[in-house]
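Undergrad: Have a look at this one.
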Amino acid sequence: MDATIGKTTGAGASRDLGHGIGFGEAFRVWLRVAVLSFGGPAGQIAVMHRILVEEKNWISESRFLHALNYCMLLPGPEAQQLATYIGWLLHRTAGGIMAGGLFILPGVIAIMGLSYIYAAYGNVGFVEAVFFGLKAAVLAIVVHAVVRVGKRALRNRVMIALAALAFVAIFFFNVPFPIIIIAAGVIGYFGAKSGRPEFAAIEHGGGGKAAAVDSLLGEELPDHVRPSVARALKVSSVWLLLWVVPVAALLIGLGQANVFSQIALFFSKMAMVTFGGAYAVLAYVAQQAVEHYHWLQPREMLDGLGMAETTPGPLIMVLQFVGFMAAYRDPGALSPMLAATLGGLLATWVTFIPCFLWIFLGAPYIETLRGNKGLAGALSAITAAVVGVILNLSIWFGLHTLFRQTTPVRSFGLSFDMPVWGSLDIAAFVLAAAAATAIFRLNVGMLWVLAGSCVAGVALRFAGVL
């Protein structure tokens, strides 16, 4: 992939790159970042900023935000791609693989372990009580995400209108998420090209004043960052083979109707359209996994999101749980747990392999587009539309958390679910309201809210409420 990849792990690698940061030292730092990567993309990016910019002084503030802007233009989890990108800047392809791989490794292990427990004991009273509490807290967290992203993205009436249109399209008319994102991007692109100030780029705050030119990485472009056709062909051939060959082998060997083929195809598609972060794409994933493929029940999707919220790594790791449960329910000739393990790992593979492809192939060319007003406008409009999509997600989660029954509405082009008001779950409502109060009014940390909600769920179980 890089002609000099072999040098990156040698003793002279840091001298060759000019910054003096050893590969072993980088491994320890990226492992530390991975273990501390709780709290969704905002928290994960903040952890990287604190360690890499403020503490280690490996990269300047401006260079860090520059890399973040690149990652925001790409599909996939921006925090994991940011780690991959900075690792690549520091130690070429090997550094990118190390940083991006370590970023998701703790989450892969944790989600897999929790999935085993869930599949084996999910119907046991104690475990059900824990996840009952988790679901109520997750609902409050998702609502908080709507508010947080909305404050940043909806800066004017045009952006508010885009968010409203996106919500109406996906909630009431079941318009596919990729169509909404593409339409928003086109509107933003031409709006910015026409000079409309409403589509100006969103600034990414990083904390404090910009640092001076750092003394380690520096502001110069390393040679391996500069684009070339030969390098692009090598990168695309390697990573496309790693992505496409397993998918093609499953389709040819097992057929499209097999659950492993469906997992490979579905999550490969997700890897190409996951703009706007996990909260945005989860609405589409939930819609397809629950209503089309019937891999999970709505409440199980919430359980999986609760797992991903409580473990390190990107929130999109919930897709591993979805793949796990899909194969667990349709194992074929395999044992259910073995099939589930393979299904979860397959979902993770086809979700994250493309992330490395986008960085290693696209970053040098995206860098040449710095200051492009059309792309900045497209990103601003997409971010606004994502707010509407996240609002749809919060309402979808709310319906299935707070109400035991819903009624489908399918007429006059409408396609949505109405709650049966008499089926309101009082315990879930009270617990969700308490979690929302803790988050919005008392500024309690996410992990404390999740832990408290789990304890409350168990207490309600012992009290005979559940």
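The values are calculated or read from the model by the stated rules, or taken from the named source; none is laboratory data. The model shown is predicted, which means the values in this text are computed figures rather than measured ones. Heavy atoms of the whole protein, side chains included, go into the accessibility calculation; ligands, DNA and RNA do not. Shrake-Rupley method; radii C 1.70, N 1.55, O 1.52, S 1.80 Å.
Undergrad: At 0.890 mPa s and 25 °C, plugging the Kirkwood radius over alpha-carbon pairs of the stretch 407-466 into Stokes-Einstein gives what diffusion coefficient in µm²/s?
TA: Rounded to a whole number, D works out at 178 µm²/s.
Undergrad: A follow-up question, please. Within the stretch 426-466, what whole-number % of the accessible surface is contributed by carbon and sulfur, with the 1.4 Å probe and all protein chains included in the calculation?
TA: 72 percent
Undergrad: Please compute the per residue accessible area over the stretch 230-371 with all protein chains in place, 1.4 Å probe, rounded to a whole number of Å².
TA: Result: 36 Å² of accessible area for each residue.
Undergrad: If you take the Cα Rg of the stretch 49-207 and divide it by 2.2 N^0.38 Å, with N the number of residues, what do you get?
TA: Details: Rg = 20.1 Å, N = 159, 2.2 N^0.38 = 15.1 Å.
The reported ratio for this selection is 1.33.
Undergrad: Once phi is turned into θ = phi - 60°, what whole-Hz ³J(HN,Hα) does the Karplus curve with 6.51, -1.76 and 1.60 give for every residue of the stretch 181-187, x standing for Gly and Pro?
TA: Values per residue, Gly and Pro as x: 5, 5, 4, 5, x, 5, 4 Hz.
Undergrad: Ok, one more. Heavy atoms only, probe 1.4 Å: what % of the accessible area of the stretch 135-187 goes to carbon and sulfur, would you let me know?
TA: The nonpolar share, carbon plus sulfur, comes to 77 percent.
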